[in-house]
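The values are calculated or read from the model by the stated rules, or taken from the named source; none is laboratory data. Bear in mind the structure is a predicted one, so any value in this text is a computation, not a measurement. Note that each Cβ is placed from the backbone with ideal geometry, even for glycine, and that neighbours are counted across all protein chains shown.
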Amino acid sequence: MKRADGKPAGGGWVARVLMGALAWLTLLSPVMLPRPDARAAAGPQENAGLRAGAIDTHGHLQPSPSCGYDAALEEALEAMQRYGIRQTLIMPAPHPAQVEGLPGSQCADYKALAPLAARHPGRFAFLGGGATLNPMIHAVASGEADLESTLPSFVTTADEILRYGAVGFGELAAEHLSFRPGHPYISAPPHHPLFLLLADIAASHDVPIDLHMEAVAAEDLPLPGGLQSPPNPGTLTENISALERLLAHNRDARIVWAHAGWDNTGERTVALMRRLLRDHPNLYMNIKLRPRNVDNRPTDAAGRLRAGWLDLLRSFPDRFTLGLDAKYPEDTADSGLFQLTEDFLSQLPPDLANKVGHQNTVRIYQLGRRAICHAPGTPGQRTLRVDAQALEGHLGHGDRLGPCL
């Protein structure tokens, strides 16, 4: 397996591991409605195009102890209705290597989310892997599991996630800080062999990866104040160079670096994001706003859009989406995160608001495509996502709509 520059990725042993894993793989067969606002950059008439409804690319439905999702769905739909959110992409939170005992861990991934999305077509789509692939990656990275023996189940699970109809893999984590008791610290280098393998799998199916990674640009960064150590380490290790190795490994893999604007290290600056977006055409970002972490937020403490952020979005208008990171039912329609996001979006020029609000998401996640399953005995046995024009031909050949279980 080679990188975009034609050289082996990560050394000979890594290349052999990834090639072996791909052999396994071949065997497996509406933008938010802006309120009138004195700070808005455009008037109501100019913003009329925003009424199509936003798409939130990053949401979580938290199950009850008995794996029920009714309360989470009710809160999500209420918030979406109030704020004009047409669709939410739901996904499991990133789980650590040891998932036993975590609330809802047994019902948090793709097998639970697929039927929820099917019950509300057009309102929800889902990503998978946070509670299955992510623990495998971190178990190997920590030495709790062996890479070679993990590969078959990793590839099989990734394949099955897509057969269930996922539009991508997520939420995966390379650097996830612990903010409270019971909230895990998770860390693995983003160029770990299993992350590289997942990039190849994602590229082969034309789906993105949602990646949670706190930015650590300094060689050794002291743990930011207010965070406990343990479980967090006292010093955070630089990870931007490893992220760039992941991005360079397969240029056909779309990597969505989650939570732009929610900076917990002080190092995810506009300058850093601009440089990475310039150097890596397969890098995308979703935007998250919260009342705290104001320093590198798109809006200042008074809620005004920062000039540097506007310039960044104008420079890369096709690379950003909204990713509210709401956790239902914990986050309700009254939570401030929705208002912050609406205020931010209302200050963008209409064409840029449409791109960030929904157009980019449709393209990055291929939301106009449908999953189809090949009829037994046909030349191709793999799941595909096809557009409306190709769908008619597939159905005529005896293929059927996914999920492919």
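Within region 372-398, the set of residues being on the phi > 0 side of the Ramachandran plot and modelled with pLDDT under 75 comprises Gly377 only.
Look at region 125-138: where a residue is in a helix (DSSP H, G or I) and a partner is among the acidic types (Asp, Glu), sitting 6+ places away or on another chain with Cβ atoms under 8 Å, you get Asn134/Glu171.
The residue that is surrounded by the most Cβ atoms within 10 Å (Cβ to Cβ), among those in region 324-346 that are at pLDDT 95 or above and in a loop (DSSP other than H, G, I, E, B), is Leu324.
Answer yes if at least one residue in region 301-317 is within 23 Å of the chain's Cα centre (by Cα) and within 30 Å of Tyr110 (Cα to Cα), and no otherwise. Checked region 301-317: no residue is within 23 Å of the chain's Cα centre (by Cα) and within 30 Å of Tyr110 (Cα to Cα). If you go through region 201-257 and pick out every residue that is surrounded by fewer than 17 Cβ atoms within 10 Å (Cβ to Cβ) and of a type in the set (S, T, N, Q), you end up with 6.
Condition check ((1) among the acidic types (Asp, Glu); (2) assigned to a loop (DSSP other than H, G, I, E, B)) across all residues:
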residue: Gly225; (1), (2): no, yes
residue: Ser229; (1), (2): no, yes
residue: Asn232; (1), (2): no, yes
residue: Leu236; (1), (2): no, no
residue: Ala242; (1), (2): no, no
residue: Leu247; (1), (2): no, no
residue: Asp252; (1), (2): yes, yes
residue: Trp257; (1), (2): no, no
residue: Asn264; (1), (2): no, yes
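Please determine, by comparing only the residues of region 266-295 that are within 20 Å of the chain's Cα centre (by Cα) and of a type in the set (S, T, N, Q), which one is nearest to Ser346 (Cα to Cα). Across region 266-295, the extreme among qualifying residues is Asn286. Just a yes or no: is a residue in region 375-383 of a type outside the set (Gly, Ala, Ser) and either within 29 Å of Ala258 (Cβ to Cβ) or in the same structural domain as Leu61 (by TED's automatic domain parsing) (or both)? Yes, region 375-383 contains at least one residue that is of a type outside the set (Gly, Ala, Ser) and either within 29 Å of Ala258 (Cβ to Cβ) or in the same structural domain as Leu61 (by TED's automatic domain parsing) (or both). Within the set Gly182, Gly165, the sole residue that is crowded, with 24+ Cβ neighbours inside 10 Å and at pLDDT below 95 turns out to be Gly165.
Taking the criterion of being part of a loop (DSSP other than H, G, I, E, B), more than 17 Å from the chain's Cα centre (by Cα), of a type in the set (Gly, Ala, Ser) and more than 21 Å from Leu236 (Cβ to Cβ), the only residue of region 143-181 that qualifies is Ala145.
The condition of being assigned by TED's automatic domain parsing to the domain that holds Tyr83, among the basic types (Lys, Arg), assigned to a loop (DSSP other than H, G, I, E, B) and closer than 22 Å to Thr88 by Cα does not hold for Arg363.
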